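Peer 1: The structure under discussion is supplied below as structure tokens; questions concerning it will follow.
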Protein chains: 2
Amino acid sequence: MKTKILLKEADMPTHWYNVMADMPNPPTPPLDPNGNPVGPEALAAIFPEELIKQEMSTERWIKIPEEIRDVLRLWRPSPLYRAHRLEQALNTPAKIYYKNEAVSPAGSHKPNTAVAQAYYNKQAGIKRLTTETGAGQWGSSLALAGQMFGLEVEVYMVKISYEQKPYRRSMMHTWGASVYPSPSTRTNAGRQILEQHPDSEGSLGIAISEAVELAASRDDTNYALGSVLNHVLLHQTVIGEEAKKQMEMAGDYPDMIFAPCGGGSNFGGIAFPFFADKAAGREVQLVAVEPTSCPSLTKGLYAYDFGDAIGLTPLLKMYTLGHNFVPPGIHAGGLRYHGDSALVSQLHYEGLVDALAVPQLETFEAGVLFARTEAIIPAPEATHAIAAVIREAKRCAESGEPKTLLFNLSGHGHFDMSSYDRFFAGELRDYDYPEEAIKASLADLPQVKFPQN
Amino acid sequence: MKTKILLKEADMPTHWYNVMADMPNPPTPPLDPNGNPVGPEALAAIFPEELIKQEMSTERWIKIPEEIRDVLRLWRPSPLYRAHRLEQALNTPAKIYYKNEAVSPAGSHKPNTAVAQAYYNKQAGIKRLTTETGAGQWGSSLALAGQMFGLEVEVYMVKISYEQKPYRRSMMHTWGASVYPSPSTRTNAGRQILEQHPDSEGSLGIAISEAVELAASRDDTNYALGSVLNHVLLHQTVIGEEAKKQMEMAGDYPDMIFAPCGGGSNFGGIAFPFFADKAAGREVQLVAVEPTSCPSLTKGLYAYDFGDAIGLTPLLKMYTLGHNFVPPGIHAGGLRYHGDSALVSQLHYEGLVDALAVPQLETFEAGVLFARTEAIIPAPEATHAIAAVIREAKRCAESGEPKTLLFNLSGHGHFDMSSYDRFFAGELRDYDYPEEAIKASLADLPQVKFPQN
């Protein structure tokens, strides 16, 4: 039985797919704290012109420069798998496929945009990129991409991860990046937090504040973000474009597509190219899977909020738990974000994208079953999609429906084995829905006037 | 520029290549301590019949059962890469190719034989496999393979690695195996060592003794070895078979092939299928690369010696540093073995296989350069081949020769990042050639009569 569906290097996408071209309503603009749309010039302090253009563009197809494809081909196209062994273990009539993004040298889908961002910054004459990272998936991807184009990379890593998961830090060093625990004393934002909370373990929001502050204050330095923004999701659409071709080669088409959803690039990457079909009338259900302990899409408010913890970024219209919300310490670090991509949020608000929240223990059970059937040990982020797929496949086993399910295996768990250890030792737990904390954080949302358009 | 040469699943080898069919002289037989050849019946206590047949067979091609190919296809065929970026960094006219065996779920070439061994044991009605592991590449591979065929796996892990590198242990747990630090109190061999050396950090030789003892004493339990033996090298020949097809697709043929050499399966796996060409008159140089601190092929004696530390295994004619030799604590755990495959040893003795020893710091420098050009962070074992290739590519840069170089990227370094940390911190060092220790160990070689044939 055939297991992998492989594309040739020549079949690697030549263009990114821009979902903004097919959305039923125009995308909501970013706003400044006074409620005025943020124009390109305001973003120019931290982003190169080409990325700002992509952030605003409504062109359906945007050409991928050859220099970017030349790096992506180090691991792309990534394989699509038919999960025969998982299907057997579940005794389900469902057909399960997964796109394996764990094959990148950094071990996740993140390099797809890191490489593009490094390239455009290099072209714009930038010498150095700053960024934040949680468990390190994004930081290591940008370190790799910076190395490929000869850019310095400075990473602000959430302190608790810096201390508890040192090996992604080592990976960043191997690729030549500098890594600092955040909050650090290198920025006003970091010092401000440390004054109020000297023992702060950090958060993604805080680390973003630090990285943005440094990029804004230095001419030769820009900032790179690993998710949330439109251009980041755009760069990830190579995943879904390849998956579409591969599903066609398999003679199949997904009824449902699942992906983990933190900032949205993992989900947007695989789902958006299929959204094009959905917009054209084809039936396909797109399901963003998030942790029950950080449930922005399923329990958040659709409102304008800051992307970071301090309030340095423009306001984005998104499902948010409030920028002050600090999620419980679940082991899927990449999903511990208070907000969500504006594009994913808008499509969810309009009923075109579904969302589902799963608890931590269920995700680890799913991860272990996956490892013991399909052999690959998945990252805790990826196990969220697996848990959702397993739920659906079991439903199919009951109903007898032979649905076709596709998910994004967004990364491997080689740097998350301590999380698996704790799971096996019975030290992990589920968290109650953090209702009070979310209520308090949402009460603190910035008050803005909505724009007229 | 094309980077990867990919085969389809259908192109995965259907037969293993048995180098014994093409060796100019018959392979040396294993002996018992009295100098008598060890027959199949003596091996039957710890190996299934099919593997014993393969150990002795001189058939050129041995069919790979479909059940084995069905598991191998989870990651095989593995990609062959052209290392454009490394070539550029070295400014060499040499063309550098590498076979990427890091793509297996366990992260190395080891599962190629683990899957085969698990299958044949399952077929023979065995319930449980015991084995040893150093840093854990082999133990995790057998854990994975056992899981795929429903066998229990019990791993004896060299104590210092068990304590210092816990995450491969976690990987084994995730795949359902039991893992014990060796020397343990579970075996006579372990207790004997602990009596003499209560603080023993363990060694591969000791761990082999423990695993073999348990397998020999239980009817439902067999033993699996990750290298050295003929059938193990046989199973690894899928690497070289695929590489030959891929080099042909690239319109090229290697002048030199490099692979790390500890027990020999890494080297034999990629080199033996090309040896078939060499035996037929084609020019190709096969280079086994070992650490200067554990230089069995370059400084050892070609003699009969035990495969383990205690003297439980049959005697093999091999290049050995003596079974009592405990190699310095270099970070390429998989290359810390006192002996070598009998097949590789014999071919080296006959001048058909070359050997080269490289010091630890040079291997880490090579690994970092590789990571910063080709993006993949290599395992410390694999960096030995990279160091040798870099030497040769620099030689080509001086001479202007456009040689074609191929090496086996046998594994990634995701579980070796602490070694990279120590390298960057300047805490690693080279070791003087351990002349005295080797001399003492060699003085203790078993005295055997050579067989008549």
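Peer 1: Do we have residue A:137 as open to solvent by 10 Å² or more (accessible area, probe 1.4 Å), among the polar types (S, T, N, Q) and in contact with a Phe, Trp or Tyr (Cβ under 7 Å, 6 or more places away or on another chain) here? It would help to see each step written out before you state the result.
Peer 2: Details: open to solvent by 10 Å² or more (accessible area, probe 1.4 Å): yes; among the polar types (S, T, N, Q): yes; in contact with a Phe, Trp or Tyr (Cβ under 7 Å, 6 or more places away or on another chain): no.
No, not satisfied.
Peer 1: A follow-up question, please. Which condition breaks for residue A:59 when tested against (1) within 14 Å of chain B (Cβ to nearest Cβ); (2) more than 30 Å from residue B:145 (Cβ to Cβ); (3) acidic (Asp, Glu)?
Peer 2: Condition not satisfied by residue A:59: (1).
Peer 1: Does residue B:267 fit the bill of being of a type in the set (A, V, I, L, M, F, W, C), farther than 22 Å from residue B:140 by Cα and in contact (Cβ under 8 Å) with a residue 12 or more places away in the chain?
Peer 2: no
Condition check ((1) more than 22 Å from residue A:99 (Cα to Cα); (2) among the aliphatic types (A, V, I, L, M); (3) open to solvent by less than 40 Å² (accessible area, probe 1.4 Å); (4) at pLDDT 95 or above) across all residues:
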| residue | (1), (2), (3), (4) |
| --- | --- |
| A:22 | yes, no, yes, yes |
| A:25 | yes, no, no, yes |
| A:37 | yes, no, no, no |
| A:51 | yes, yes, yes, yes |
| A:62 | yes, yes, yes, yes |
| A:80 | no, yes, yes, yes |
| A:85 | no, no, no, yes |
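Peer 1: Among (1) in contact (Cβ under 8 Å) with a residue 24 or more places away in the chain; (2) within 14 Å of chain B (Cβ to nearest Cβ), there is one condition residue A:365 misses while meeting the rest; what is its number?
Peer 2: Condition not satisfied by residue A:365: (1).
Peer 1: Now a separate question. So how many residues does the range A:299-332 have that are of a type in the set (Gly, Ala, Ser) and out of contact with any strand residue (DSSP E or B) (no Cβ under 9 Å at 6 or more places or on another chain)?
Peer 2: 3
Peer 1: Does at least one position in the range A:23-42 carry a residue that is out of contact with any Ser or Thr (no Cβ under 9 Å at 6 or more places or on another chain), within 14 Å of another protein chain (Cβ to nearest Cβ) and touching a residue at least 12 places away in the same chain (Cβ under 8 Å)?
Peer 2: Within the range A:23-42, none of the residues are out of contact with any Ser or Thr (no Cβ under 9 Å at 6 or more places or on another chain), within 14 Å of another protein chain (Cβ to nearest Cβ) and touching a residue at least 12 places away in the same chain (Cβ under 8 Å).
Peer 1: Looking at (1) in contact with a strand residue (DSSP E or B) (Cβ under 9 Å, 6 or more places away or on another chain); (2) within 11 Å of another protein chain (Cβ to nearest Cβ); (3) surrounded by fewer than 21 Cβ atoms within 10 Å (Cβ to Cβ), find the lone condition where residue B:75 falls short.
Peer 2: Every condition holds for residue B:75 apart from (3).
Peer 1: Looking only at the range A:377-426, filter to residues that are of a type in the set (Ser, Thr, Tyr) and farther than 21 Å from residue A:262 by Cβ; which one of those is least open to solvent (accessible area, probe 1.4 Å)?
Peer 2: It comes out as A:404.
Peer 1: OK, next. In the range A:410-441, which residues are within 23 Å of the chain's Cα centre (by Cα) and away from every other protein chain (no Cβ under 14 Å)?
Peer 2: Selection gives A:410, A:430, A:431, A:433, A:434, A:438, A:441.
Peer 1: Determine whether residue B:45 is in a helix (DSSP H, G or I) and small (Gly, Ala, Ser).
Peer 2: In short, no.
Peer 1: Take the residues in the range B:143-179 that are touching a residue at least 40 places away in the same chain (Cβ under 8 Å) and polar (S, T, N, Q); name whichever of them is farthest from residue B:72 (Cα to Cα).
Peer 2: B:164
Peer 1: May I pose another question? Inspect all residues belonging to the range B:92-115 and state whether any of them is open to solvent by 20 Å² or more (accessible area, probe 1.4 Å), away from chain A (no Cβ under 14 Å) and part of a helix (DSSP H, G or I).
Peer 2: No; the residues of the range B:92-115 include none that is open to solvent by 20 Å² or more (accessible area, probe 1.4 Å), away from chain A (no Cβ under 14 Å) and part of a helix (DSSP H, G or I).
Peer 1: Would you confirm, using the coordinates I've provided, whether residue B:392 is under 30 Å from residue A:151 (Cα atoms) and touching a residue at least 60 places away in the same chain (Cβ under 8 Å)?
Peer 2: Against the criterion (under 30 Å from residue A:151 (Cα atoms) and touching a residue at least 60 places away in the same chain (Cβ under 8 Å)), residue B:392 qualifies.
Peer 1: A follow-up question, please. Checking the condition over 27 Å from residue A:244 (Cβ atoms) and part of a helix (DSSP H, G or I), which residue from A:415, A:423 passes?
Peer 2: Working: A:415 fails: part of a helix (DSSP H, G or I).
Within the list A:415, A:423, the selection yields A:423.
Peer 1: Checking residue B:200 against (1) surrounded by fewer than 24 Cβ atoms within 10 Å (Cβ to Cβ); (2) in contact with a Leu (Cβ under 8 Å, 6 or more places away or on another chain); (3) in contact (Cβ under 8 Å) with a residue 60 or more places away in the chain, which test does it fail?
Peer 2: (3)
Peer 1: Would you check if residue A:370 is touching a residue at least 12 places away in the same chain (Cβ under 8 Å) and within 12 Å of another protein chain (Cβ to nearest Cβ)?
Peer 2: Yes.
Peer 1: Any idea how many residues of the range A:352-372 are among the small types (Gly, Ala, Ser) and open to solvent by 20 Å² or more (accessible area, probe 1.4 Å)?
Peer 2: Number of matching residues: 2.
Peer 1: Among the numbered conditions (1) touching a residue at least 12 places away in the same chain (Cβ under 8 Å); (2) within 14 Å of chain A (Cβ to nearest Cβ), tell me where residue B:47 comes up short.
Peer 2: (2)
Peer 1: Tell me which helices (runs of 4 or more DSSP H) are completely within the range A:120-209 and hold 2 or more residues being within 24 Å of residue B:425 (Cα to Cα), away from every other protein chain (no Cβ under 14 Å) and modelled with pLDDT under 95, or say none if there are none.
Peer 2: Qualifying helices (runs of 4 or more DSSP H): A:159-164.
Peer 1: If a residue must be among the acidic types (Asp, Glu) and either touching a helix residue (DSSP H, G or I) at 6+ places or on another chain (Cβ under 6 Å) or surrounded by fewer than 23 Cβ atoms within 10 Å (Cβ to Cβ) (or both), how many such residues does the range B:224-246 contain?
Peer 2: Number satisfying all stated conditions: 1.
Peer 1: Next up: From the residues in the range B:62-72 that are closer than 25 Å to residue A:7 by Cβ and out of contact with any helix residue (DSSP H, G or I) (no Cβ under 7 Å at 6 or more places or on another chain), which one is farthest from the other protein chains (Cβ to nearest Cβ)?
Peer 2: B:69
Peer 1: Let me ask you something else. Restricting attention to helices (runs of 4 or more DSSP H) lying wholly within the range A:247-351, give those where 3 or more residues are open to solvent by less than 10 Å² (accessible area, probe 1.4 Å), at pLDDT 95 or above and aliphatic (A, V, I, L, M).
Peer 2: In the range A:247-351, the matching helices (runs of 4 or more DSSP H) lie at A:342-349.
The values are calculated or read from the model by the stated rules, or taken from the named source; none is laboratory data. Just so it is clear, the model here is predicted, and its values are computed rather than measured. Here Cβ is always computed from backbone atoms with ideal geometry, including for glycine, and neighbour counts include all displayed protein chains. Side chains included, ligands, DNA and RNA excluded: accessible areas come from the protein's heavy atoms. Shrake-Rupley method; radii C 1.70, N 1.55, O 1.52, S 1.80 Å.
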